[in-house]
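K.L.:
Sending over a structure as structure tokens; questions will come in a sec.
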Amino acid sequence: MDIVIRGAEIADGTGAPRFRADVGVDGGRIASIGERLDGRRVIDAGGLVLSPGFIDMHAHSELAVLADRDHLAKLGQGCTLEVLGQDGLSYAPVDEATAPQMWEAIAAWNGRLDVEFDWRTVGEYLDRLDRGIPTNAAYLVPHGTVRMLAMGWEDREPAPAELEAMKAQVAQGMAAGAFGLSAGLSYAPGMYANTAELVELCKVVASYGGYFSPHQRSYGAGAMEGYAEMIDIGRRAGCALHLAHATLNYPVNEGRAAELLKLIDEGLDEGLPISLDTYPYLPGMTMLAALLPSWSVAGGYGALAERLRSDEQRARILHELDVEGTDGANGVPVDWSKIEIAGVAKPGLRHLVGRRVAEAAGAERPSAFFLDLITEDDFSTACLMHVGNEENVRAIMRHGVHTGSTDGVLAGDKIHPRAWGSFARYLGHYTRDLGLMTVEDCVAHLTGRPAATLGLTDRGLVKEGFAADLVLFDPETVDARSTFEEPRRQAAGIPFVLVNGHIAIDEGIRTEARAGRAIRRGGDQR
């Protein structure tokens, strides 16, 4: 065989107790699990746990997998499959008019990397991935991108012909191999969609056996209502539901995880297919302009810039930010001492990175400083939001339908450490140090369970015939070394990672292997 991993403690992804065996890899597959196997390369796994490769159920690596040959952020923490196209905004499907708009709209997430934008459809993007990428990648059709393609940045219901155009785009993306539909319901233009629109699109997704993955309307003041709406959409559309970065933030939601889990359990008891993902950190990260009220962004960033030049409309925005709470800021008045500037597009603004908006504003009104900053930075500023609650994070991660994710934004001056550390932090801090899960259960959260959510039939388990996406980690030393001060640090205790049978991390060192490719729903996963 090509590779034999000898004497591993196997956590197979099912949650079952570990067992010791050799694992043989040949032709990119797990060829044999047994004793005294032999191969051209033998890896001594004494003292290490062998698990399936980790699946990032919420990633923002659409450009990074094309531009970064090493992609150490994900491979270094054992991630072998990423689900892209998140939060309703991504790079396909587009046309000649919306492609440059999308490039600018999510620059705060993805940067402006040196990637030739030579695709337009979902199928063409997946074909581009197949040329060779560091990890495997699955894709969700992004609702906001589809809406922009059909009706621009308009804050209104779609006309019947526009809704049909959106349904056709979703169907084309699903037929090309997408796994479902994502939505960003606190980001323009997706936030302008009503429940009925989403139900109709999810019916299309359901007809292909896919799932709906919403960034719902609020993780603050309206969180419970937002989650209830998403469950109702799944129910009415007959569509599987996967709640993206399912969390409860801000003081208004402290200790309310049991209410969310009760909603989920009631849906599960009805027979609704519901799952969720989280990242194991308290702060969130997004584009700073996302805090704006939805009406102010209708028509796009050009229209927003015009509104900011109007004294009356600027005053209205400031009042909503500071007093009422905008829909973009989760219905909670913004506490500018909790909002940290994490990345800027303009080099002349880099002195602001790492500073809270309240501090950077000095004597100026923080919300006014915020408006001036995002305008000067072409609405490309990224931010960290220090609004999480540890009790909620711990309660949600222990639920039976929970899966892991990074929500990793990789571009920017000061990124969130979750991009480089989430899976190692689950295994180290929450499993070993705090004992919230067993190793076997944690591995199942990160591998077998997300694979089942995706409907994969040959990934997510250490099983003969399955793809050889594999991770060897030391349960005593695995840990996230990334911090808010030094976010781009490789995880510790993960010496070997295989992608499709090729060694990508060898004794902790990144190899030249780029063995990943697009994984298509319903297609040949081999």
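K.L.:
Counting only protein heavy atoms, what percent of the accessible surface of the range 354-425 is carbon or sulfur at a 1.4 Å probe? Could you put the intermediate results ahead of the total?
P.N.:
Numbers: 970 of 2100 Å².
Its accessible area is 46 percent carbon and sulfur atoms.
K.L.:
Right, something else. With a 1.4 Å probe and every protein chain kept in, tell me what percent of the accessible surface of the range 78-224 is carbon plus sulfur. Please report the intermediate quantities before stating the final value.
P.N.:
Working: 2060 of 4090 Å².
It is 50 percent, rounded to a whole number.
K.L.:
Taking the highest mean first, how do the peptides 46-53, 190-197, 344-351 order by number of other beta carbon atoms within 10 angstrom per residue? Display every interim value, and only then the final one.
P.N.:
Values: 46-53: 23.4, 190-197: 18.8, 344-351: 14.8.
The packing order, highest mean first, is 46-53, 190-197, 344-351.
K.L.:
Taking +1 at the Cβ of each Lys and Arg and -1 at the Cβ of each Asp and Glu, which of P417, L470, A444 sits farthest along the dipole of the range 403-474 towards its positive end, judged by Cα position relative to the Cα centre?
P.N.:
P417
K.L.:
Going through the range 1-101, which trypsin sites (Lys or Arg not before Pro) have at most 11 other Cβ atoms within 10 Å and a DSSP loop state? Intermediate values should be presented prior to the final figure.
P.N.:
On the way: sites: R6, R18, R20, R29, R36, R40, R41, R69, K74; in loops: R18, R36, R40, R69.
Within the range 1-101, the qualifying trypsin sites (Lys or Arg not before Pro) (loop, at most 11 other Cβ atoms within 10 Å) are R36, R40.
K.L.:
Can you compute the modelled spin-label distance between E390 and D506, with each label point 7 Å from Cα toward Cβ, in nm?
P.N.:
Using points 7 Å along Cα→Cβ, the separation is 4.2 nm.
K.L.:
I've got another one for you. Multiplying the sequence separation of E259 and E104 by 0.36 nm and subtracting their Cα-Cα distance, what value in nm do you get? Display every interim value, and only then the final one.
P.N.:
Working: separation 155, 0.36 × 155 = 55.80 nm, distance 3.77 nm.
So the extension gain works out to 52.0 nm.
K.L.:
Rounded to the nearest 20 Debye, what is the dipole magnitude of the chain about its Cα centre when Lys and Arg each give +1 and Asp and Glu each give -1 at the C-beta?
P.N.:
Details: 50 positive and 74 negative charges, 153 e Å.
My answer is approximately 740 debye.
K.L.:
Charges on Cβ only, +1 for Lys and Arg, -1 for Asp and Glu, centred on the Cα centroid of the chain; of L304, H58, A504, which one is farthest towards the dipole's positive end?
P.N.:
A504
K.L.:
Mind giving me the FRET efficiency for E312 and D130? R0 is 56 Å, r the Cβ-Cβ distance, nearest 0.05 is fine.
P.N.:
Working: r = 52 Å, r/R0 = 0.92.
Using R0 = 56 Å, I get an efficiency of 0.60.
K.L.:
Sticking with this one: What ranking, highest mean first, results for peptides 505-511, 78-84 when packing means the other Cβ atoms within 10 Å averaged over each residue? It would help to have the intermediate numbers written out before the result.
P.N.:
Details: 505-511: 14.7, 78-84: 29.4.
Result, highest mean first: 78-84, 505-511.
K.L.:
Hey, in the chain, which Cys have no second cysteine's beta-carbon closer than 4.7 Å?
P.N.:
Lone cysteines by the Cβ rule: C79, C383, C442.
K.L.:
Among the lysines, select those whose C-alpha is under 30 Å from the C-alpha of K74, and discard any that sit fewer than 8 residues away in the same chain.
P.N.:
Within the straight-line cut-off, K74 pairs with K338, K346, K414, K463.
K.L.:
Once you put a point 7 Å from the Cα of D474 and another 7 Å from the Cα of A305, both along the Cβ direction, what distance in nm separates them?
P.N.:
Output for this residue pair reads 5.3 nm.
K.L.:
Can you work out the FRET efficiency for the pair K346 and F117, with r the C-beta to C-beta distance and R0 = 25 Å, to the nearest 0.05? Could the numbers behind the result be given before it?
P.N.:
Details: r = 22 Å, r/R0 = 0.88.
The formula returns an efficiency of 0.70 here.
K.L.:
Taking only protein heavy atoms and a 1.4 Å probe, what accessible area per residue, in Å², does the chain have with all protein chains in place?
P.N.:
Ligands and nucleic acids excluded, the result is 34 Å² per residue.
K.L.:
Computed from the coordinates I sent, Cα extents along the principal axes in Å equals one of (1) 76, 56, 49; (2) 77, 50, 46; (3) 65, 55, 49. Tell me the label.
P.N.:
Label of the calculated value: (2).
K.L.:
Run the accessible area of the range 433-484 with a 1.4 Å probe and give the carbon-and-sulfur part as a rounded percent. Intermediate results must be reported in sequence, preceding the final value.
P.N.:
On the way: 860 of 1740 Å².
So the carbon and sulfur contribution to the accessible surface is 49 percent.
K.L.:
Sort 255-268, 408-421 for me by packing, meaning the mean count of neighbouring Cβ atoms within 10 Å per residue, highest on top. Numbers along the way, then the final one.
P.N.:
Working: 255-268: 16.7, 408-421: 25.2.
Taking the mean over residues of other Cβ atoms within 10 Å, the ranking is 408-421, 255-268.
The values are calculated or read from the model by the stated rules, or taken from the named source; none is laboratory data. This is a predicted model, so every value here is computed, not measured. For neighbour counting, all protein chains shown are included, and Cβ atoms are generated from backbone atoms with ideal geometry for every residue, glycine included. SASA here: full protein model, heavy atoms, side chains in, ligands and nucleic acids out. Shrake-Rupley method; radii C 1.70, N 1.55, O 1.52, S 1.80 Å.
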